[in-house]
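Reading through the structure tokens given below for one structure.
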Amino acid sequence: MGIPINRASGRGDDELRPLSVEWDPMGFALCSLIVKTGQTAVLCSINLEEGIPAWRKGSGLGWLSAEYRLLPGSTPQRQSRELVKLSGRTQEIQRLIGRSLRGVVDMKVLGEKSLIVDCDVIQADAGTRTAAITGAWMVLYKGCERLVEKGVLASNPVVKQVAAVSVGLVKEKLLLDLDYSEDSNADVDLNVVMTSDGCFLEVQGTSEGTPMTRQDLNQSLDLAEAGLRRLHADQCSFLDG
């Protein structure tokens, strides 16, 4: 469908941006990394805290929460720090990250402990929420492995793998993993979060122009799934490397 598009990156319609990971830039965090997808870069870290929210006490279950921020200098115009009042966008994204990660954690194994994941955007060229989820899962898994090695946990509570990617309808053409030049011109923007066994944890879709047909949606999910399977394989490679 659609007319041919020459992507600025030279990628094919179904190609992901190059993914890279730098492990443990933060010495005091349980685990940290900088994940880069093209020009987008996100610093992800994880820490453990004893105790859980008051409403969960006595359940024997753990908890996981996530925080997300755009750092000053991460965009062409400086982002002001969100200190007291968070924007609606920030709240929505950090809730998305938290839901995506909680969906693959066995809270019984974690016990009444809390994991806090922080995702700070160093550079934003679109896809910051999807890069954050993909990177956050890696620090979650490796961080929990370290807790097992230290004897803090009996086993790793992370029971599934999760990654996220965007798909956009640009000039009637479906494109995978949009950069800003594509995202800002997309008629439809879709963010897809999927586990390695093919289950969707979240599908966020918005039409900014031309409405999406059912056929477009089906094709978008197929395109996203193929890209996510590659991201799952890349995550395993970075964990083993």
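The values are calculated or read from the model by the stated rules, or taken from the named source; none is laboratory data. Fair warning: this is a prediction, and the values are worked out from it, not measured in the lab. All Cβ positions, even for glycine, are placed from backbone atoms using ideal geometry, and neighbour counts span all protein chains on display.
Annotations
- Considered as a group, the residues in the stretch 60-114 that are among the small types (Gly, Ala, Ser) and in a loop (DSSP other than H, G, I, E, B) include one that is surrounded by the fewest Cβ atoms within 10 Å (Cβ to Cβ), and that residue is Ser80.
- Test: residue in the stretch 198-217 that is of a type in the set (Phe, Trp, Tyr) and under 24 Å from Asp106 (Cβ atoms): yes
- Scanning the stretch 27-42 turns up one or more residues that are surrounded by fewer than 14 Cβ atoms within 10 Å (Cβ to Cβ) and in a loop (DSSP other than H, G, I, E, B).
- All positions within the stretch 186-216 that are closer than 13 Å to Ala164 by Cα and not small (Gly, Ala, Ser): Leu190, Asn191, Val192, Val193, Met194, Thr195, Cys199, Phe200, Leu201, Glu202, Val203, Gln204
- The stretch 43-59, subset of a type outside the set (Ser, Thr, Tyr) and in a strand (DSSP E or B), residue farthest from Val117 (Cα to Cα): Glu50
- Residue check, Gly227 part of a strand (DSSP E or B) and either in contact with a strand residue (DSSP E or B) (Cβ under 6 Å, 6 or more places away or on another chain) or touching a residue at least 60 places away in the same chain (Cβ under 8 Å) (or both): no
- Subset of the stretch 46-59 [surrounded by 15 or more Cβ atoms within 10 Å (Cβ to Cβ) and either modelled with pLDDT under 95 or in contact with a Cys (Cβ under 7 Å, 6 or more places away or on another chain) (or both)]: Ile46, Ile52, Arg56
- For the stretch 145-159, the criterion of being assigned to a strand (DSSP E or B) and either within 22 Å of Arg95 (Cα to Cα) or not hydroxyl-bearing (Ser, Thr, Tyr) (or both) is met by at least one residue.
- Considering only residues in the stretch 183-202 that are of a type in the set (S, T, N, Q) and not in a loop (DSSP other than H, G, I, E, B), the one that is nearest to Ser220 (Cα to Cα) turns out to be Asn191.
- Boolean, Glu15 is closer than 19 Å to Val117 by Cα, assigned to a loop (DSSP other than H, G, I, E, B) and of a type in the set (Asp, Glu): no
- Every pair of residues 6+ apart whose Cβ atoms lie under 9 Å, when the first sits in the stretch 47-58 and is free of Cβ contacts under 8 Å to residues at least 60 places away in the same chain while the second is part of a loop (DSSP other than H, G, I, E, B) and surrounded by 12 or more Cβ atoms within 10 Å (Cβ to Cβ): Arg56/Gly62; Arg56/Glu112; Lys57/Gly51; Lys57/Glu112; Gly58/Glu112
- Some residue of the stretch 17-28 being touching a strand residue (DSSP E or B) at 6+ places or on another chain (Cβ under 9 Å), modelled with pLDDT of 95 or more, charged (D, E, K, R) and within 30 Å of Ser184 (Cα to Cα): yes
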